[in-house]
Amino acid sequence: MNDAHSVYLHIPFCQKRCSYCDFNTFSGLNHLIPAYIHQLKKEISYYGKKFSKELPVKTIFFGGGTPTLMEGKLFKSLMEEIFDNFRILPNAEISLEANPGTVTLEYLQNLLGIGFNRISFGLQTSNPVYLELLGRIHDHYQSIQAIQWAKQAGFRNINLDLIYGLPGQTVDDWKKTLENGLNLSTQHISLYALGIEENTPLHDWVEKGMVENPDSDLAAEMYELADQLLLENGLECYEISNYYKVDENFDYRCQHNLQYWRNQPYLGLGAGAHGYSNDVRYENVNGIMEYINLQKDANLSSALKSPVVKVLTEIDLFTAMQETMMVGLRLVSEGVSILEFTKRFSASPLEIFAKEIDLLVNNHLLEIVDGDIIRLTKNARLLGNQVFLQFVD
Ligand code: SF4
C-alpha cells in the first residue's frame, strides 16, 4: 500500500519575468498553454496508471510561474484528470499560487467552484518603488482588491507572500509592508528574504552598481521585526519563514509544504518539476517545448519511466535520514520527533547523528524538548543553513 502523496503541478508561464526571479518560468509563450496542459494531463494519467489509480493524495498544489494566467476551463480539465487518476483524500488541501494582477472576482468564484480551497497571493511589497524594481505586474491596490475578491468569492484559507531585504530597503519600509499585509487579515503569511540570483536582471544591476547589494545584517533585523509583529498580531511561526493563524477548528498551516518538510512523498508534474516517491527523487526537463515534444511522441503505456524525467536518483536509507533532519529542522516547533524518526528508519537520530547533534546542542543551536523533539533554538533560526549543513556528507 502506498503512503499518501502530495501532487505539485508546475505552470511555467508568466506575463512578464520579474527582475529577481530564477524559477523555471517563461514569458511570451502563453500561446503554448493549451498544448502544455494537454501534455500535463498525459503525465497525470501516466502516474495514475503507474499506481493503478489507487495512490492516496492529501494535497494538490498548482504553482509556477503564474497559474492564474490559465483560463478556468483548463484548471477544470486538469482537476478532473487528477480526480480520475488518484484517490483524493477527503478534506485534501487544494491550493494555487495567484498573481494579484491576473484575477477578477468572477475568476476566483470559478476557481472555488472547481474545488480550490486555498489560495496564495504574491503580494511581495506594498511600496510602489519596490514593486517597480522587482518588475511585478500589479500595484498594491490590486493586491488589496484581489484579496477582498478572494474573500468575497468564499476563500477562507489565504496566504500572502512578502519579500524583504530589498536593495536600499529600510526597516521602516518593511514595517509598512508588514502592517499593510497584516491589515488584510489572511490566515497565513510566508516571508522571503530576497536572494540576488545569477542570470537575473537584478543580479546584473547589482554587478553594475546600479542598485545596492542588499545588506544581510539589515535583512536579519527585518526578519526579527517580522517575527515580532506577526506574533503580536496573533500569527504563530511553524516553519522558519511561515506563519499561520491558530484556530481550534482548522489547521491553517500549509499542508502541502508540511509534506516536504516532513520529507514525505510527492509527485512533481510539469516542466522543471521535481518529485520524490518510492525512495527515488526525479527531475523533469525544464523547457516547455522539450516537455511537450518528449511526451507527444512517447508510448506512455509501456514507459518504465516518464519520458520527461531527465534525472532519477535513488535515495538510500542514510540519505533519506539526512534529508529528514535537514528539512524537518525547518519546522521550528514540530522539529524532528525522535520517536517518529526511529519508527520510520528503525534507528534513532541520536545514534545516527550523535556527533552532529551533540555539537549543535552544545553550541545552543539545537534543543531536545520533552525527550522527543529535536528542534532549532530560537537564536538558531537565522543560522538554519549552518545547522542543516551539519547533516550533509
Ligand atoms: S510572477 Fe513569480 S514566477 Fe513569474 S517571474 Fe515573477 S516571481 Fe517569477
field: Residue that is in contact (Cβ under 8 Å) with a residue 40 or more places away in the chain, assigned by TED's automatic domain parsing to the domain that holds residue 11, touching a helix residue (DSSP H, G or I) at 6+ places or on another chain (Cβ under 7 Å) and not aliphatic (A, V, I, L, M), where the choices are 101, 115
entry: 101
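Condition check ((1) modelled with pLDDT under 95; (2) under 19 Å from residue 286 (Cα atoms); (3) not hydroxyl-bearing (Ser, Thr, Tyr)) across all residues:
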| site | (1), (2), (3) |
| --- | --- |
| 1 | yes, no, yes |
| 11 | no, yes, yes |
| 27 | no, yes, no |
| 31 | no, yes, yes |
| 42 | no, yes, yes |
| 53 | no, no, yes |
| 61 | no, yes, yes |
| 68 | no, no, no |
- request: Just need a number here: residues in the range 207-235 that are touching a Gly at 6+ places or on another chain (Cβ under 9 Å) and either open to solvent by 100 Å² or more (accessible area, probe 1.4 Å) or over 19 Å from residue 170 (Cα atoms) (or both).
  value: 1
- line: Of (1) open to solvent by less than 20 Å² (accessible area, probe 1.4 Å); (2) more than 16 Å from the ligand (Cβ to nearest atom); (3) not in a helix (DSSP H, G or I), residue 19 fails just (2)
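Does residue 79 fit the bill of being more than 16 Å from the ligand (Cβ to nearest atom) and assigned by TED's automatic domain parsing to the domain that holds residue 194?
Working: more than 16 Å from the ligand (Cβ to nearest atom): yes; assigned by TED's automatic domain parsing to the domain that holds residue 194: yes.
It is true that residue 79 is more than 16 Å from the ligand (Cβ to nearest atom) and assigned by TED's automatic domain parsing to the domain that holds residue 194.
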- prompt: Looking at (1) open to solvent by 40 Å² or more (accessible area, probe 1.4 Å); (2) part of a helix (DSSP H, G or I), which is the only condition residue 78 fails?
  reply: (1)
statement: Given the conditions (1) surrounded by fewer than 21 Cβ atoms within 10 Å (Cβ to Cβ); (2) over 19 Å from residue 85 (Cα atoms), every one holds for residue 252 apart from (1)
task: Among the residues of the range 141-157, write down those that are more than 16 Å from the ligand (Cβ to nearest atom) and closer than 23 Å to residue 222 by Cβ.
output: 144, 147
task: Check the range 39-54 and report whether any residue there is of a type outside the set (Lys, Arg), free of Cβ contacts under 8 Å to residues at least 40 places away in the same chain, more than 13 Å from the ligand (Cβ to nearest atom) and open to solvent by less than 10 Å² (accessible area, probe 1.4 Å).
output: yes
query: Out of the residues in the range 177-197 that are in a loop (DSSP other than H, G, I, E, B) and touching a strand residue (DSSP E or B) at 6+ places or on another chain (Cβ under 9 Å), which is most open to solvent (accessible area, probe 1.4 Å)?
result: 185
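From 60, 88, grab the single residue that is open to solvent by 10 Å² or more (accessible area, probe 1.4 Å), part of a strand (DSSP E or B) and in contact with a strand residue (DSSP E or B) (Cβ under 8 Å, 6 or more places away or on another chain).
Going through 60, 88 in turn, the sole match is 88.
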field: Flag if residue 190 is at pLDDT below 95 and hydroxyl-bearing (Ser, Thr, Tyr)
entry: no
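The values are calculated or read from the model by the stated rules, or taken from the named source; none is laboratory data. Worth saying up front: this structure is predicted, and the values here are computed from it rather than measured. Here Cβ is always computed from backbone atoms with ideal geometry, including for glycine, and neighbour counts include all displayed protein chains. For accessibility, only protein heavy atoms count, side chains too; no ligands or nucleic acids. Shrake-Rupley method; radii C 1.70, N 1.55, O 1.52, S 1.80 Å.
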